[in-house]
């Protein structure tokens, strides 16, 4: 049995990469006694992993369509997204992930990190179709966000250059910088033709449920229903931000298909197929993020691509997904 895994090389990650390779390269015997051959491939960096994904296995023609098999990545959301982008357009191709990244938000829509790290559960699972989002920052299976949260993520790298300042310290310094500056932007939204101009703190267009290392922005988002859940957070004072972010992080702003009473003064909610937004305050581009990749944008556009992707789920997550779909029918 041959399984293929994709890794990305990144400066400073040699130890982690070696540990992953030791666990997953070569012939490995799983608990049922069957032999398993794992083929590993490294990309030079996260951004070129989609090219590695296209090149590492020769695609063949089947019924006039480009066809591939099953691939899994070992890394975070960015690594997974690059492989998903590389597989896009190949009929029947499915992409899975072993969550060795810092955020691992993709899996939170379907299950737990422990389930996705269980190699036996991975092999006993299956592939399911999901919607994807086509954005001007690339393809995504999870969330496209803009505003304060994206600005914080965009500012982290410069603080990581400071000696002994990494991880949570860099994150805290980036938050402090943003809170000391001008808070909120005036943004024009076009949501399935509806035009809204809002003084907002941030927004999230959700195909999946989590981003930013566990912020449950779309707590009831369904990744295969053909719809995007859109949450706009209104501009608030600094003294309200902490309370609001805790509500947002825990997914307590949205329950049973509607905003909670505590969230209604601060949130706008829509379901949509297409969303675009642009800064309307003359203060330059707005910072947006998709799967951890941040960039300043004059305009952000997001369109749902119904059932355009296939992902591999470990057995418990796969069974829940199938049972839920059967219950809906």
- Message: Looking only at segment 146-164, count every residue that is surrounded by 14 or more Cβ atoms within 10 Å (Cβ to Cβ) and farther than 18 Å from residue 237 by Cα and tell me the total.
- Response: 8
- Item | Looking only at segment 257-292, and only at residues there that are within 30 Å of residue 97 (Cβ to Cβ) and out of contact with any strand residue (DSSP E or B) (no Cβ under 7 Å at 6 or more places or on another chain), the one that is surrounded by the fewest Cβ atoms within 10 Å (Cβ to Cβ) | 257
- Exception for residue 49 within (1) crowded, with 23+ Cβ neighbours inside 10 Å; (2) in a helix (DSSP H, G or I); (3) modelled with pLDDT of 85 or more falls at (3)
- Might you check whether a residue that is in a loop (DSSP other than H, G, I, E, B), in contact with a strand residue (DSSP E or B) (Cβ under 8 Å, 6 or more places away or on another chain) and closer than 11 Å to residue 267 by Cα occurs anywhere in segment 212-234? no
- Within segment 299-316, which residues are farther than 16 Å from residue 139 by Cα and surrounded by 20 or more Cβ atoms within 10 Å (Cβ to Cβ)? 312, 313, 314
- Exclusive hit being modelled with pLDDT of 95 or more, over 30 Å from residue 310 (Cα atoms), crowded, with 20+ Cβ neighbours inside 10 Å and out of contact with any helix residue (DSSP H, G or I) (no Cβ under 6 Å at 6 or more places or on another chain), set 198, 205, 187, 230: 187
- With (1) modelled with pLDDT of 95 or more; (2) buried (at least 17 other Cβ atoms within 10 Å of the Cβ); (3) more than 25 Å from residue 139 (Cα to Cα) as the list, and residue 244 as the residue in question, which single condition is left unmet? (1)
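The values are calculated or read from the model by the stated rules, or taken from the named source; none is laboratory data. Remember, predicted model here, so these are calculated numbers, not experimental data. Please note: Cβ atoms are built from the backbone with ideal geometry, for glycine as well, and neighbour counts cover all protein chains shown.
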